[in-house]
Amino acid sequence: MNNTGPRTRQDITKKDCWDLTSLFSSKKDWETLYKKLESRIPDYEQFKDQLHKSYECFKRCLDFDHGIIRDLEKIYTYAHLKNDEDKTNAPANELFQRAMNLHTRICDSASFIIPQIQAIPKKTMAAFLTQDSISDYRFYLEQIIRNNPHTRSVEVEQILAMAGESLTAPQQIFGQLNNADLDFGSLTDPQKQTQPLTHGNFILFLNHKDRNFRKKVFTQYYGVYESHKHTIAAALAGSVKKDLFYAKVKQFPDSRQAALFKNNIGSCVYDNLILNVKKDLSPLYSYLDFRKKSLGLDKLHIYDTYVPIINDIKFHMSYEEAVSTCIKALAPLGEEYCKVLEKGLTQGWVDRYENKGKCSGAYSSGCYDSSPYILLNYEEKSIDSLFTLIHEAGHSMHSYYSRKHQPYASHDYTIFVAEVASTLNENLLGQYLLKKYEDDPRMKAYILNREIENIRATFFRQTMFAEFENHIHGLATRNKALTLETMTKKYRQLLEDYFGDHMVIDEPLCLECLRIPHFYSAFYVYQYATGISAALAISKKIQTLGQTAVDEYLSFLKLGGSMFPIDELKTAGVDMSSPAPILETISYFGTLVNNLENLWNTNLKP
């Protein structure tokens, strides 16, 4: 460990960085395409007020617009990846800002297209849709027609497009503050080693067996958010108000309806998630009680919920070993899946390690004309990094299959199904590791503990986040104040609901609601909970039905965005409009807790 802080970008070896040449071989090529797109913006004018006149003009406009957007995605993807490599790199930030500006200008110039498509007489549009050459656009056009009640005049849509860049300010401000400006300082661990505290190692440090050190990490980390809480609360409030502004302009009653409408998700899906989870939190309470007992604690705090209950097992896995482990765990998905993934993970898809200024966390990105790309901050001593790798690999393989099997107009799968492939991968990894260590009760307990924690974080915690998000957006809809106090008060109430009297709610934890980046993408987080529920249901089918279920699952991955997400999941045998997957997830979690407690009492209890 470099005691002076994270490595600089220049310290990271080339093999550990993603290879962006599938996008552009050089910045010069980026500039060439950028200037080409700029020069083509005025060409949108030729299609204004012409789309209804002939099928040929209509089709030519669709081809032109999608061609421009396809190239724009290349421009944007390269710029945002370069920017995320090092948020302190001014040239990369400039590249990103230029890409955002180009995006705004293109959206402005193209803003007439959807309103004019919606203005085409029904009889004319019906005739257009019968043409064979329109097949790639059919679902795209059906979605546009469905949005007729929520599309405004050409002038209003143009103003919305022009405002797009400035209205992302709350998210941009939070991102810069959180990733570039916040300094969490350094601390001395129990081995007397001084180390920097970062987003990347925060959870790793909370895995430490020394409780006083864990408490110090928690206090120091949240102390920084305490110092910036008013600014971050203002940014989050601004983002919520921005979402309400868009919803109202688009003639939705609130921002939740606007978010759910796009993918044809019924309100019952969101409400049933929260209702059914809160109806029976007893398995979660049982786990918290067992954790407290197994750790020998009188009281359980949040900084006690990350440390493994088997704390004398040292985990260490190099990135290369992690890739090998992932491929073995995913063997049930077939040879093609594993072969493509292994090549990608070892030959350019992944930016592996933390460096100073790098975007925190992890994600999968890319565009139709590039490889999938994965940003990691891989830590060899953390099993969480192994699970994060296989999680993001799930996203990337979903993208790989959808781009390979769908035309550009329908390749982009929705957020609602986006977490299914990633969490299915995590579950398969957990099952693989449990079998690998079935004769080792200590390691088995360690893996069970991790599997339980994954569901706790992805299902229960994200449902709590979803309820919080629903509340703050509801306040804005009812014209109530969105202040630091109203947000943290509600968040404390939710912490008390979801943890009961089974965990002490430390005051700094109420600031957790201010550090969640996904709150800047309205009504995103609930899909983690629905996603893991769908993934666990599919995993169970794969384990019981074998190849038939695998074939159904791979067919689902290939659908991209060619159907509404509820219908896509039905092709994999899961109905998320039913409470069944939610209830099955709660039951499965309870079974894991019981298995861990029985294993502990039989083989491991001191």
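Only one residue in ASP49, ASP43 is closer than 30 Å to SER562 by Cα and not in a helix (DSSP H, G or I). Which one?
From the options ASP49, ASP43, the qualifying one is ASP49.
Identify the residue in the stretch 118-140 that is touching a Phe, Trp or Tyr at 6+ places or on another chain (Cβ under 8 Å) and aliphatic (A, V, I, L, M) and, among all such residues, is nearest to PRO407 (Cα to Cα).
From the stretch 118-140, those touching a Phe, Trp or Tyr at 6+ places or on another chain (Cβ under 8 Å) are 120, 127-128, 131, 134, 136; that's our starting set.
Going one step further and asking which of them are aliphatic (A, V, I, L, M), we end up with 120, 127, 134.
Numbers: ILE120: 24, ALA127: 22, ILE134: 12 Å.
So, considering only residues that are touching a Phe, Trp or Tyr at 6+ places or on another chain (Cβ under 8 Å) and aliphatic (A, V, I, L, M), the one nearest to PRO407 (Cα to Cα) is ILE134.
Working only within the stretch 31-83, note down all residues that are over 22 Å from CYS367 (Cβ atoms) and aromatic (Phe, Trp, Tyr).
PHE47, TYR55, PHE58 - these are the residues of the stretch 31-83 that are over 22 Å from CYS367 (Cβ atoms) and aromatic (Phe, Trp, Tyr).
Could you please find all residues in the stretch 439-471 being of a type in the set (Asp, Glu) and assigned to a helix (DSSP H, G or I)?
GLU451, GLU453, GLU467, GLU469
Which one of ALA79, ALA92, ALA99 is at pLDDT below 95, within 30 Å of ARG352 (Cα to Cα), of a type in the set (Gly, Ala, Ser) and in a helix (DSSP H, G or I)?
On inspection, the qualifying residue turns out to be ALA92.
Given the criteria surrounded by fewer than 22 Cβ atoms within 10 Å (Cβ to Cβ) and farther than 23 Å from MET162 by Cβ, does ALA110 qualify?
For ALA110, the condition - surrounded by fewer than 22 Cβ atoms within 10 Å (Cβ to Cβ) and farther than 23 Å from MET162 by Cβ - is not met.
Just the residues that are assigned to a helix (DSSP H, G or I) and acidic (Asp, Glu), please, taken from the stretch 321-372.
Within the stretch 321-372, the subset assigned to a helix (DSSP H, G or I) is 321-329, 331-333, 335-346.
Scanning the stretch 321-372 gives GLU321, GLU335, GLU336, GLU342.
Working only within the stretch 190-201, note down all residues that are touching an Asp or Glu at 6+ places or on another chain (Cβ under 7 Å) and either exposed (fewer than 15 other Cβ atoms within 10 Å of the Cβ) or in the same structural domain as THR88 (by TED's automatic domain parsing) (or both).
PRO190
ALA161: out of contact with any Ser or Thr (no Cβ under 8 Å at 6 or more places or on another chain), part of a helix (DSSP H, G or I), at pLDDT below 95 and crowded, with 19+ Cβ neighbours inside 10 Å, yes or no?
Spelling it out, it is not the case that ALA161 is out of contact with any Ser or Thr (no Cβ under 8 Å at 6 or more places or on another chain), part of a helix (DSSP H, G or I), at pLDDT below 95 and crowded, with 19+ Cβ neighbours inside 10 Å.
Taking the criterion of being of a type outside the set (A, V, I, L, M, F, W, C) and in contact with a Ser or Thr (Cβ under 6 Å, 6 or more places away or on another chain), would at least one residue in the stretch 235-255 satisfy it? Talk me through it step by step, then tell me what you get.
From the stretch 235-255, those of a type outside the set (A, V, I, L, M, F, W, C) are 238-239, 241-243, 246, 248, 250-251, 253-255; that's our starting set.
This time we only want the ones that are in contact with a Ser or Thr (Cβ under 6 Å, 6 or more places away or on another chain), so: 243, 254.
Yes, the stretch 235-255 contains a residue that is of a type outside the set (A, V, I, L, M, F, W, C) and in contact with a Ser or Thr (Cβ under 6 Å, 6 or more places away or on another chain).
How about the stretch 397-427: which of its residues are surrounded by fewer than 23 Cβ atoms within 10 Å (Cβ to Cβ), among the hydrophobic types (A, V, I, L, M, F, W, C) and within 14 Å of PHE556 (Cβ to Cβ)?
Hit for the stretch 397-427 is ALA418, nothing else.
I need every pair where a residue in the stretch 124-149 that is farther than 19 Å from CYS57 by Cα has its Cβ under 7 Å from the Cβ of a residue that is among the small types (Gly, Ala, Ser) and part of a helix (DSSP H, G or I), sequence separation at least 6 or different chains.
Here the result reads PHE139/SER410, each pair linking the stretch 124-149 to a residue that is among the small types (Gly, Ala, Ser) and part of a helix (DSSP H, G or I).
Checking GLU597 against (1) surrounded by 17 or more Cβ atoms within 10 Å (Cβ to Cβ); (2) within 28 Å of LEU260 (Cα to Cα), which test does it fail?
Only one criterion is unmet by GLU597, namely (2).
Give the stretch 554-606 a look and list any residue that's in contact (Cβ under 8 Å) with a residue 24 or more places away in the chain, in a loop (DSSP other than H, G, I, E, B) and of a type in the set (Gly, Ala, Ser), or say none.
Answer for the stretch 554-606, where residues must be in contact (Cβ under 8 Å) with a residue 24 or more places away in the chain, in a loop (DSSP other than H, G, I, E, B) and of a type in the set (Gly, Ala, Ser): GLY560, GLY561, SER562, ALA572, GLY573, SER577.
Go through (1) assigned to a helix (DSSP H, G or I); (2) in contact with a strand residue (DSSP E or B) (Cβ under 7 Å, 6 or more places away or on another chain); (3) modelled with pLDDT under 95 and name the single condition GLN220 misses.
With (1) assigned to a helix (DSSP H, G or I); (2) in contact with a strand residue (DSSP E or B) (Cβ under 7 Å, 6 or more places away or on another chain); (3) modelled with pLDDT under 95 applied to GLN220, the lone miss is (3).
Please work out which one of (1) part of a loop (DSSP other than H, G, I, E, B); (2) within 19 Å of the chain's Cα centre (by Cα) is the condition GLU419 fails and give its number.
With respect to (1) part of a loop (DSSP other than H, G, I, E, B); (2) within 19 Å of the chain's Cα centre (by Cα), GLU419 is out only on (1).
Yes/no matrix, rows are residues, columns are (1) surrounded by fewer than 17 Cβ atoms within 10 Å (Cβ to Cβ); (2) under 26 Å from GLN251 (Cα atoms):
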residue	(1), (2)
GLU56	yes, no
LYS74	no, no
ASP84	no, no
LEU95	no, no
ASP132	yes, no
TYR140	no, yes
HIS150	yes, yes
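With the structure loaded, tell me whether LYS59 is in the same structural domain as TYR137 (by TED's automatic domain parsing) and either in contact with a Ser or Thr (Cβ under 7 Å, 6 or more places away or on another chain) or under 30 Å from TRP349 (Cβ atoms) (or both) or whether it fails that test.
Considered against the rule, which asks whether it is in the same structural domain as TYR137 (by TED's automatic domain parsing) and either in contact with a Ser or Thr (Cβ under 7 Å, 6 or more places away or on another chain) or under 30 Å from TRP349 (Cβ atoms) (or both), LYS59 comes out as yes.
What number of residues within the stretch 148-195 satisfy the criterion of being acidic (Asp, Glu) and under 17 Å from PHE245 (Cα atoms)?
Filtering the stretch 148-195 down to residues acidic (Asp, Glu) leaves 155, 157, 165, 181, 183, 189.
If we keep only those that are under 17 Å from PHE245 (Cα atoms) too, we end up with 155, 157, 165.
Total satisfying the criteria: 3.
Does the stretch 533-540 contain at least one residue that is at negative phi, in a helix (DSSP H, G or I), outside the structural domain of ASN449 (by TED's automatic domain parsing) and of a type in the set (D, E, K, R)?
Within the stretch 533-540, not a single residue is at negative phi, in a helix (DSSP H, G or I), outside the structural domain of ASN449 (by TED's automatic domain parsing) and of a type in the set (D, E, K, R).
Here is a list of conditions, (1) surrounded by 18 or more Cβ atoms within 10 Å (Cβ to Cβ); (2) in contact with a strand residue (DSSP E or B) (Cβ under 7 Å, 6 or more places away or on another chain), and LEU187 meets all of them except one; can you say which number that is?
(1)
The values are calculated or read from the model by the stated rules, or taken from the named source; none is laboratory data. Owing to the predicted nature of the structure, the values given are computational and were not obtained by experimental measurement. Ideal geometry is used to build each Cβ from the backbone, glycine not excepted, and the neighbour counts take in all protein chains shown.
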